[in-house]
Amino acid sequence: EAKSTGRGQVKFFNNTMRKKLKSHADIENDLQHGIEHNEFELYFQPIFSIQHCKVIGFEALVRWHHPSKGFVAPNDFIPIAESTGQIINLDLHLLELAAKQIAAWQQQGKRFLRITVNVSSRHFASVDFISQIHAIYNKYALELGSLCLEITESGLIENLELATKIIEGLAPLKVKLCLDDFGTGYSSLGYLHQLPIHVLKIDKSFIDHLTDTATPLVDAILSLAASLKLDVVAEGIETQEQLSILQKTQCDFGQGFLKAKPMPAAQAILLIDKPL
Ligand code: C2E
Ligand code: MG
Ligand code: MG
Ligand code: MG
């Protein structure tokens, strides 16, 4: 049992906790090594139009091929990278991988793809992010509008003014902004109209509850998005029933295991512009 005695804390760790701490420290050390040795790969999950299930783009999702631990899922290292601050370097590395892939696809004539990349909201606390994204655009000669960034709302509203300034600094590149996991955070509606964002992604937990008819909450998010002229993506569509319900709404786009899981780039690109 761990015991906290307040000031001058004494803690007793059991074996499970010690093991957890060790693997936390391991991951911290391994992350930097992993970036340097190119152990991260982006998978791409199709995003499709709700009405015709036509693939219009992809969400990039990181996968770690760890030399001894094997395949490590993002939920096992992204939160650690967030807590150590390594997320800044990791995200920049992954943005480069995404940019490289987008550039390769653009050279093959696959233009007007919508690629979304997840980034920590920590980037929206420093204006450095503006020049970092501009540098990536220049390095890979990306077409304007190639990139959409997904962020969760909580980090943004903590520093609304700076976040807004950063998003505006990315506007010349036509970088789009998507609020990920929408509805699970603070969702103070007051700030939404102030943020220059383009897309709301409805969190999977709301889609899970679509079993019979659209729920009032999903309806509310959809009408909110309509009045703010934002595109809406429903994430985590797992059943035909959920899809059918969404097809009776104004929801623009969807994503989920029902139609396609995240997959390697070479496989994903074959699906573009095709119905799933
Ligand atoms: P997210 O951005 O909300 O991504 C959606 C997650 O849901 C992905 O998990 C995806 O594989 C999963 N998913 C999609 N459709 C379904 C479905 O129908 N059913 C179920 N059960 N799951 C579905 P994944 O790839 O494990 O990523 C987890 C989270 O890790 C992401 O959540 C995102 O917050 C973070 N993440 C992933 N890649 C990156 C990255 O490159 N950078 C950063 N900063 N975070 C990332
Ligand atoms: Mg996401
Ligand atoms: Mg999400
Ligand atoms: Mg989610």
Can you order the peptides 131-142, 49-60 by their average number of other Cβ atoms within 10 Å per residue, highest first? 49-60, 131-142
Once a ≥ b ≥ c are taken as the square roots of the eigenvalues of the Cα gyration tensor of segment 52-137, is the result rounded (a/c under 1.5), prolate (a/b larger than b/c) or oblate (a/b not larger than b/c)? oblate
Any idea what angle helix 15-36 forms with the longest principal axis of the chain, computed on alpha-carbon atoms, 0 to 90 degrees, nearest 10? 60
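Quick check on the exposure proxy: order PHE206, PHE77 from fewest to most C-beta atoms within 10 angstrom.
Fewest to most other Cβ atoms nearby, the residues stand as PHE206, PHE77.
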Using Cβ contacts closer than 10 Å as the measure, can you line up THR16, THR249 from fewest to most? THR16, THR249
Based on the alpha-carbon gyration tensor of segment 188-276 and its eigenvalue square roots a ≥ b ≥ c, which shape applies: rounded if a/c is under 1.5, prolate if not and a/b is larger than b/c, or oblate? oblate
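With +1 assigned to the C-beta of every Lys and Arg and -1 to the C-beta of every Asp and Glu, and no other charges, what is the dipole magnitude of the chain about the Cα centre in debye, to the nearest 20?
Values: 26 positive and 31 negative charges, 73 e Å.
That gives a dipole near 360 debye.
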Residue-by-residue Karplus 3J(HN,Hα) for segment 115-126, coefficients 6.51, -1.76, 1.60, Hz, glycine and proline x: 10, 10, 10, 7, 9, 5, 5, 4, 5, 8, 10, 8
May I ask for the angle, rounded to the nearest 10°, between helix 160-170 and the longest principal axis of the chain, with both axes built from Cα atoms and the value confined to 0 to 90°? 60
Say each of GLN32 and THR184 gets a label point 7 Å from the Cα, pointing the same way as Cα to Cβ; how far apart are those two points in nm? 3.0
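Nearest 20 debye, what's the magnitude of the dipole of segment 84-196 about its Cα centre given +1 on Lys and Arg Cβ and -1 on Asp and Glu Cβ?
On the way: 9 positive and 11 negative charges, 109 e Å.
For segment 84-196, the charge dipole is close to 520 debye.
How would you classify segment 126-276 from its alpha-carbon gyration tensor, with a ≥ b ≥ c the square roots of the eigenvalues: rounded for a/c under 1.5, else prolate if a/b is greater than b/c, otherwise oblate?
oblate
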Computed label-point distance, nm, for sites VAL127 and ILE56 using a 7 Å Cα→Cβ extension: 3.5
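To the nearest 20 Debye, how big is the dipole of segment 14-97 about its Cα centre, given +1 on the beta carbon of each Lys and Arg and -1 on that of each Asp and Glu?
On the way: 7 positive and 11 negative charges, 85 e Å.
Result for segment 14-97 is approximately 420 debye, rounded to the nearest 20.
Quick note: the coordinates plus some simple rules give every number you see, no bench work behind them. Given the structure is predicted, the values throughout are model-derived calculations rather than measurements. No Cβ is skipped: glycine too gets one built from the backbone with ideal geometry, and neighbour counts run over all protein chains shown.
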